[in-house]
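Written below as structure tokens is the structure these notes are about.
What follows draws every value from the coordinates through simple rules; no lab data is involved. Given the structure is predicted, the values throughout are model-derived calculations rather than measurements. Cβ coordinates were reconstructed from backbone atoms using ideal geometry, including for glycine residues, and neighbour counts include every protein chain displayed.
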Amino acid sequence: MRRTLKKYLPDHETIRNNPWLKPFESSLLHPRLWHLNRHSAAGAVAAGLFCGLIPGPLQMLGAAIGALLFRVNLPLAMFVTLYTNPFTIVPLYLLAYQIGRLAIGESNGFITPPAFSATDFIGWTNAMQAWMLTVAKPLGFGLILLASGLAILGYIATQAAWRIYLIAAWRRRKALRS
């Protein structure tokens, strides 16, 4: 698996020669960002899962910054953010809203957005802003809680899966020797 992954990852010379990455060369060439072991993989999965819920196109940038800060595998952290896509983002945000609502103790149900009105566009815009302010607190709080929970679960699951794989490999080698 590592050999396959290394085929697709850029080497140090590619990063060193890229004019866009030149200012970040000293940070991006740190060996721990490219090394794949149980701890760097688990940390990368956690960073990617946490940053995957960042709105918009900033997910991979957040994962890259997280990988740089925590010195975990950079490509894996960026790849893991892809769990959020146009099909999964709406259910995840609805789940985050519900988690936030429960966490802050809001008892009212989901507040539906105002219906679009082409005839009263200004009124609809004002109603939409008021609706967004109403859902912002539970959604923001829920996103932080959901992202943290996913990161913790991802870290633990990656550590466990890596350990199970190693134990199985040890047993296979032991069986081959005897």
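Data table
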| quantity | calculated |
| --- | --- |
| Neighbour-count ranking [beta-carbon atoms within 10 angstrom, fewest first] of M78, M60 | M60, M78 |
| Stretch gain in nm, segment T119-H35, where the contour uses 0.36 nm per residue and the Cα spacing is subtracted | 24.4 nm |
| Förster radius 30 Å - calculated FRET efficiency between I144 and W170 (Cβ-Cβ, nearest 0.05) | 0.15 |
| Gain upon complete extension [R71, I104; 0.36 nm per residue less C-alpha separation] | 8.5 nm |
| Per-residue Cβ neighbour rank within 10 angstrom, fewest leading, W170, W34, W162 | W170, W162, W34 |
| Potential lengthening between A136 and R163 on full extension [0.36 nm per residue; Cα-Cα distance subtracted] | 5.7 nm |
